[in-house]
Structures are given as structure tokens and as C-alpha cells.
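Let me begin by presenting the structure, written as C-alpha cells, before commenting on it.
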Amino acid sequence: MNGNAFEIPQTMKAWVLGGVDELLQVEKPVPAPGPAQVLVKIDAVSICGTDIEIMRNGLPAIVQGGSPFNKNFTIGHEYMGRVAKLGEGVDTYKIGDRVAVEIHAGCGQCERCREGMYTSCLNYGQNYEGHDKGHRANGFTTDGGFAEFAINHVNTLVHVPDFISDEEATLIVTAGTAMYGLDVMSGLYAGKGIAITGPGPIGLMGVAVAKALGAYPVFLTGTRDDRLEMGKQLGADYVVNVRNEDAVKAVRNIMPKGIHYVMECSGAKDAFNEAAQMVQRGGRICLAAFPEEPYPVDVAALVRNNIYIFGIRGEGNSATHRAASLMEQKRISVKPLHTHTFPLDELPTAIKYAKERIDNAIKVVVTNKK
């Protein structure tokens, strides 16, 4: 590379899904950006629990109208890199710019996209021959970040300042998802209380973002003391290990009438009903996790207490840009979440490590920078 110019090869290394829980390293053609797109030279990508879920079950990935297995499909969606090539009409980025990415680029023509709800695009997965509406969800319906290059629409890019490391930049989209969860509950007002259940990456980022926006008090509940301690570092006012004490009682002891908001990030069997007991009458609950199986819900309690329920998908409403702004202003930090780094060539080892050490591996990142 000379100055800002990138030498772009004809082919690249990429990991693709074979069968269930099978990753294969192959050579793929380097894709060319179309209008309003850029080619990103991927420098780092973090492993998300959803990547592991896709490897195991296929969903929520949908490729060419069906299962993602054995279709030469590259997963990975939490990545960053540098702009290597510009598509026609792109003038908001230049070659060499460091960028983080959002996952979703809606079709731009359906009812939801025209309302700005591009993560709920009604043409989700419609991006292949004979069914191409222009939708993209990298790592879910279109090729993602476990490769040397990827195509991204300009709407999905966020500038990354120099003082944010590559590893930290892969977590900008995670912070954006947390921000979106707060958005859909009609925004978080300073001085309002929130309980965040589940200290995974989104839950921990939810703590950091909520605190940066002025929430008080901020509760974090979970089962792992090391994660809860990290929540304190990120701004949680109270942490509750649910193995040792009742989370609902802990919240109600501080706020007898209940808390204003709950953001459910655990997917645990009893988490939703507990959230409904934590929240005050007329309060709001956001669901941000994928439970492993259906569970019963006390709907009557929701109706009696006029409780509002929201579900989120991804990092909508341009929330990633606002989360990145908080990081640029140094009002939130994602440094505690990055714990381990592997080279891209060792992706299967990195994924195995993430699976086996889920208690102490918050975010495992694979790097491809040369």
C-alpha cells in the first residue's frame, strides 16, 4: 500500500460455512462495490454469540431464501477496517478511512425502510438472482466479515477516530444495539431508572450507554460475578447476582414502586416475567435476547399494569452513529469487553475458545491487519 492507495488482489481468503458447526477456509473473488457502496479492507472482527448460533442452527441467517449451510457463505458481522475502494457516487468517505460497520442495509423501498426501520426490512433476505430487492445484512443474508474484504453500503459505515483501537472499534455496533434498545422504549430520560438483565456484551454496553445518557439508578443482574464487576466499571449503580438474591426484591428495595425501564439481555427462562415484576405500572420493557425455547408469560399482569413491550433486531435507527459519538467523546469505553485476540487464519480456534471460556471471554476478536 502506497499512501492511501490499496493494492486490491483478485482473490481473498475467506471462511465459509460448510455443514453444521463447520467452517472452511477458501479463496473467493474480491467483490467490487456498486453505487453507494465501498469495499472495506477488514482489519478486525469480533465473534458474536449470534455467529455461534448461526453455525449451530442456521437461523437467523437466511441465504438465497433458505438455510445458510453449504452455500459458500461467510458469516461475521461485528467488523471494522479501512475503505479500500469507492463505488460510484460515494463522496462521504475516502480511501484509507477507518470505519466500523452496521449489519443492516434495508432495501430502501418497502414500508418499513421508508419509515426508517431498516432492521425490520420487509424484503429481508431478498438479495439474490430473481429476488433481488437490494437488501443486505452482512453475516446474515450477505457475506460478512470473516474474510479479508467486504462490501458495505455507505449508510452502514461509521468513522472511527485514531485513538480507538481496532479491537474496540469492532464493538461499536454492539454499543449501537444497546443504544437502539433504549431508543425503542421512547428514549432514556436523565434521572430515570433502568434494570438491565444479563451481563453479556449487549447488556454491559447497555449499562455504559444508559449511564452516559444520565440514567439513575442503573441495575445490572446476572449470574457471573466477574461480569457484574465489569458492569460496575461501566457505570452500574447496583449489581445483583441472581444466584444469591432475588432480583425483583433487590430492585424493589431501592425503587418500591418499580423501575422505569427494563432491558432484557439474558434470554433466560424466567427473565421476562421477572422484568414485568421489576418495572413500575406504565413502565417499558425491551427484549434484546434470543431465548433458546418458548416460555410462558403472565400476559394478564402486563395488561393490568399497562406495561409496554418492545423487541429489537440489530442496531436500527442509526443508533450506531450515536453510540460511536459517545465513544468519540470518551463518555463510554468498551475496553473492558475485549479480552482475547486471534489471527483470522485461526478463526475456528478462536470460536472454540469463545465457546469454552464463555465465563471469562467477553469478546474474542480476530485480526487481519497487515
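Every number in this text was worked out from the coordinates using simple rules, so none of it is lab data. No experiment lies behind these values; they were computed from the predicted model shown. So basically every Cβ, Gly included, is an ideal-geometry build from the backbone, and we count neighbours across all protein chains shown.
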Exercise. Take the chain, connect every pair of alpha-carbon atoms lying under 10 Å apart with a spring to form a Gaussian network, then pick out the residue of Thr177, Thr141, Thr341 with the largest mean-square fluctuation.
Key: Thr341
Quiz prompt | Residues listed by number, region 170-195, amide nitrogen under 13 Å from Glu328 label point at 7 Å toward C-beta | solution = none
Quiz item: Hey, what's the Kirkwood Rh for region 1-159 if you take every pair of different alpha carbons, in angstrom?
Solution: 15.8
Exercise. Calculate one ³J(HN,Hα) per residue across region 291-298 by plugging θ = phi - 60° into the Karplus curve 6.51 cos²θ - 1.76 cosθ + 1.60, and present them in order as whole Hz with x for glycine and proline.
Key: x, 6, 8, x, 9, x, 10, 7
Practice problem: Compute the length gained on full extension between Ala36 and Gln109: take 0.36 nm times their separation in residues and subtract their Cα-Cα distance, giving the result in nm to one decimal. | Solution: 24.7 nm
Quiz item: On average, how much area does the Cα convex hull of region 174-311 cover when viewed from any direction, in nm²?
Solution: 7.2
Quiz item: With each pseudo-label sitting 7 Å past Cα toward Cβ, what's the Gln25-Ile309 distance in nm, one decimal?
Solution: 4.6
Quiz item: Using alpha carbon centroids, what distance separates region 124-157 and region 200-218, in Å?
Solution: 30
Quiz item: Could you give the nm distance between label points at Glu129 and Val297, where each point is 7 Å from its Cα heading toward the beta carbon?
Solution: 4.1
Quiz prompt | Cα-based radius of gyration of the chain once divided by 2.2 N^0.38 Å, which approximates compact folds | solution = 0.98
Self-check item: For the chain, built as a Gaussian network whose Cα springs stay under 10 Å, the top-fluctuating residue of Arg82, Arg304, Arg313
Solution: Arg304
Practice problem: Compute the semi-axes of the equivalent ellipsoid of region 217-263, taking the square root of 5 times each eigenvalue of the Cα gyration tensor, and list them largest first in whole Å. | Solution: 18, 13, 8
Quiz item: Using the Cα atoms as the points, what is the convex hull volume per residue of region 238-342 in Å³?
Solution: 169
